[in-house]
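Okay, structure first, notes after.
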Amino acid sequence: MSPKGEEARPRASDIHREGSPVSEPTSADIVHALREVLDPEIGMNIVDLGLVYRADVGDGHADVALTMTTPACPLGEAIVEESKLAIQRRVPGIRSVTVDLVWQPPWQPSMMSDAARKQLGWT
């Protein structure tokens with residue numbers, strides 16, 4: 001209760017679009033947001049492709065590690081930037097984002113989800 005006997009109301013910045021209070025963002029929230037990022041050469045999201053190696057969250061900061069299917073991928077930096085934007089747009093409570101492009105371990109087709117392998121005809 002506030003000093004005037006009224007219940008404290010959440011600030012507008014603490015309300016998610018649906019009107020419920022925003023909880024602390026989780027790694028699962030980050031991964032969910034990254035599902036909207038497509039590898040433009042393959043036309044599939046980077047999560048199902050197995051390109052997301054790490055998605056950590058703490059104190060309003062998202063820390064992500066991505067790889068590409070090959071170090072020669074010309075779109076790596078564009079995918080990194082799109083990943084940052086997707087997290088900032090889709091995850092309430094995130095104030096900053098770091099996305100690192102990493103090469104270890106090297107990506108392998110076995111890192112794809114079953115759905116991705118099926119869509120590409122690799123099953």
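The values are calculated or read from the model by the stated rules, or taken from the named source; none is laboratory data. Please read all numbers here as calculations on a predicted model, not as lab measurements. So basically every Cβ, Gly included, is an ideal-geometry build from the backbone, and we count neighbours across all protein chains shown.
A few notes on this one:
- Restricting the range 75-115 to residues that are of a type in the set (Val, Ile, Thr) and out of contact with any His (no Cβ under 9 Å at 6 or more places or on another chain) leaves a set whose member that is surrounded by the most Cβ atoms within 10 Å (Cβ to Cβ) is Ile87.
- Checklist (1) more than 22 Å from Gly121 (Cα to Cα); (2) at pLDDT 95 or above; (3) outside any strand (DSSP E or B) applied to Asp48, failing item: (1)
- In the range 1-38, the qualifying residues are those that are modelled with pLDDT under 95 and within 18 Å of the chain's Cα centre (by Cα), and the one that is surrounded by the most Cβ atoms within 10 Å (Cβ to Cβ) is Val22.
- Cross-chain or 6+ apart pairs with Cβ under 6 Å, the range 77-106 first and closer than 10 Å to Leu66 by Cβ, then part of a loop (DSSP other than H, G, I, E, B) and at pLDDT 95 or above: Ser83/Val37; Val102/Thr67
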